[in-house]
Amino acid sequence: MKKRSFLKSLALAGISAPFSASALDQWMQVAAKRSGAELAADDDFWLGMRGQYRLKPDYINLENGYYNILPREILEAYIGHIREVNYQGAYYMRTVQFENKKKMAAKLAGLTGCSTEELILTRNTTESLDTIISGFPWQAGDEALMAEQDYGAMLDMFKQVGKRHGVVNTVLSLPHHPASDEEIVSLYANAITPKTKLLMICHMINITGQILPVRKICDMAHSKGVQVMVDGAHAIAHIRFNIPDLHCDYYGASLHKWLCVPLGVGMLYVKKEHIPAIWPLLAESGRKDDDIGRLNHLGTHPVHTDLAISNAIDFYLQLGPEKKEARLRYLQQYWTGKVRNLPHIIMHTPADPDRSCAIANAGIKGMKPADMAATLLNKYGIYTVAINSANVHGCRITPNIYTTTAELDVLVKALTEMG
């Protein structure tokens, strides 16, 4: 049997042929001289990468936006970290734990273009951004600006500071299909008042996948004296960027999504000049006001997870950020391009390839999102998630690099027949 036929048969069966580390290196060398654009539609290459994952054959997983299944290489390294920390016990926790955490934060800072003095490791995006929302130097009557499409946990924290400190929250709604960046920028600009102190925006909206023009929004807000906090939960290792280039004041992200770090690690970037003004979520003593470490007291936590950051970054860089982003965008465009113009389909994600990547959301006229998700799973064997809020009524579809076009053809068939 030829290699392509063999790999395809495994993929369609939901089975992955495991790669050894040396085999993965050889596989990556084959594609090293090819651009992301060239590789994006090369199913042979990506069927090979699928061998890095152990995938459950019961369904087609198109809900990778919540948590990315770890490649075998990262998973095995993670298990090794657990064993080593357990082997050393309290000795590890009282000696090298803190130095290792600094090393992991520094490696992540290198990936995101940050200074090590402006980035800390947290447990997830919610902890990162809630640290800023709750610790911001609010005064009664201050205003905060956000969108209803922002993540619920952060909206809840804004409600809490509203009750606690007398902050007025202004919530707008974003268009799913903006005509231009300026339409989005103007929407936020027109909602800012002299009392607005903090603007929260998504880098990539989690329920629709829309990428916002972050730098333009930040520059506009700064011209009006407003600080900007960015929810980047879905952007790290999904699309390519450096955080300082965004011109934001704060940036939070989860690493268990597209960077494929095990559950339990996130990151928070705080622009150096703002560090002294933020109150920590958990108190830390003995540090200077401008030391970002004062915002990073977590107590005892699963430190072995932090160590897997290095393995995840190595895997991401070995695969190639350009190649990964190109493949993810190709997969989304592959299925959305086949159903976007069907009369019964409602697309909540822009058609412009530059305004989205892997994530997209589609609804069906006359069908509740929960019923749509149930039908996709029970009739077609596709697992996804129903979204029914913030003017978004459909299912979020999120493939990963191991997703095959054959699997997406099943999705297209399902959406076509469900009309």
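Give region 136-163 a look and list any residue that's touching a residue at least 24 places away in the same chain (Cβ under 8 Å) and either of a type in the set (A, V, I, L, M) or within 15 Å of residue 298 (Cβ to Cβ) (or both), or say none. Of everything in region 136-163, those that are touching a residue at least 24 places away in the same chain (Cβ under 8 Å) and either of a type in the set (A, V, I, L, M) or within 15 Å of residue 298 (Cβ to Cβ) (or both) turn out to be 140, 144, 145, 146, 147, 153, 154, 157, 161. For residue 198, the conditions (1) in contact (Cβ under 8 Å) with a residue 60 or more places away in the chain; (2) part of a helix (DSSP H, G or I) all hold with the exception of (2).
Specify which of the listed residues (353, 369) is crowded, with 19+ Cβ neighbours inside 10 Å, modelled with pLDDT of 95 or more and of a type outside the set (Asp, Glu). Give the steps one after another, and end with the answer.
Values: 353 fails: crowded, with 19+ Cβ neighbours inside 10 Å.
When all the criteria are applied, what remains is 369.
Is at least one residue of region 202-221 of a type in the set (D, E, K, R), assigned to a strand (DSSP E or B) and assigned by TED's automatic domain parsing to the domain that holds residue 122? Looking for residues that are of a type in the set (D, E, K, R), assigned to a strand (DSSP E or B) and assigned by TED's automatic domain parsing to the domain that holds residue 122, one finds none in region 202-221, hence no.
The single condition among (1) over 15 Å from the mean Cα position of the chain (by Cα); (2) touching a residue at least 12 places away in the same chain (Cβ under 8 Å) that residue 288 does not satisfy is (2). Elements of the type strands (runs of 3 or more DSSP E) sitting completely within region 110-179 and holding at least 2 residues that are more than 24 Å from residue 289 (Cα to Cα): these cover 143-147, 168-172.
Residues that are of a type outside the set (A, V, I, L, M, F, W, C) and within 12 Å of residue 415 (Cβ to Cβ): which helices (runs of 4 or more DSSP H) entirely in region 302-389 hold 2 or more of them? It would help to see each step written out before you state the result.
On the way: elements: 303-319, 321-339, 369-380.
The qualifying helices (runs of 4 or more DSSP H) are 321-339, 369-380.
Taking the conditions exactly as written (surrounded by fewer than 16 Cβ atoms within 10 Å (Cβ to Cβ), over 30 Å from residue 263 (Cα atoms) and touching a residue at least 60 places away in the same chain (Cβ under 8 Å)), does residue 173 satisfy them or not? Considered against the rule, which asks whether it is surrounded by fewer than 16 Cβ atoms within 10 Å (Cβ to Cβ), over 30 Å from residue 263 (Cα atoms) and touching a residue at least 60 places away in the same chain (Cβ under 8 Å), residue 173 comes out as yes.
Taking first residues from region 254-279 that are in contact (Cβ under 8 Å) with a residue 24 or more places away in the chain and of a type in the set (Ser, Thr, Tyr) and partners that are surrounded by fewer than 23 Cβ atoms within 10 Å (Cβ to Cβ) and assigned to a helix (DSSP H, G or I), the Cβ contacts under 7 Å between residues at least 6 apart in sequence or on separate chains come to 269/118.
The values are calculated or read from the model by the stated rules, or taken from the named source; none is laboratory data. The model shown is predicted, which means the values in this text are computed figures rather than measured ones. Every residue, glycine among them, receives a Cβ derived from its backbone with ideal geometry; neighbour counts consider all protein chains shown.
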